[in-house]
Amino acid sequence: MEKEKNPQNIIENVLTDMPKCAACSEKMKHRDEKEYKELLTRLNRVEGQVRGIKKMVEDERYCIDILTQVSAVQSALNSFSKILLSSHIRSCVAEDIRQGKDEVIDELCATLQKMMR
């Protein structure tokens, strides 16, 4: 199985493909406590789902049951991505545009293209 298709690597791939905040010189983003907790809660849930898929494979569960769970993980990651992207646009992108840093638009377009593959 290809690395990017391996359920154990789903979270790792999503996190490494996530754009860095363009508004920060060090490409970092401070999040308020509510957003931070919401994102971590969702990621913890996904992590648990991936561990469950691994156990299903180890237990030789039926393929369709495993695929159903993989689909649920993909949906959960998509939901996580939508929340993070929305926050990024409302904070980092908006701030950069206000400061005349139009290159953030190119970064956002490239990110959306990656996400729509």
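Scanning segment 14-33 for residues that are surrounded by 13 or more Cβ atoms within 10 Å (Cβ to Cβ) and at pLDDT 55 or above turns up K29, R31. Total residues in segment 27-50 satisfying the condition of being over 18 Å from E95 (Cβ atoms) and out of contact with any Leu (no Cβ under 7 Å at 6 or more places or on another chain): the figure is 15. With a requirement of 2 or more residues that are exposed (fewer than 11 other Cβ atoms within 10 Å of the Cβ), the helices (runs of 4 or more DSSP H) lying completely within segment 34-117 that satisfy it span 63-88, 103-115. If the condition is being within 24 Å of the chain's Cα centre (by Cα) and among the acidic types (D, E), then segment 55-64 contributes no residue at all.
The values are calculated or read from the model by the stated rules, or taken from the named source; none is laboratory data. Since we're looking at a predicted model, the values are computed, not measured. Quick reminder, even Gly has a Cβ in these numbers, built from the backbone with ideal geometry, and neighbours come from all protein chains shown.
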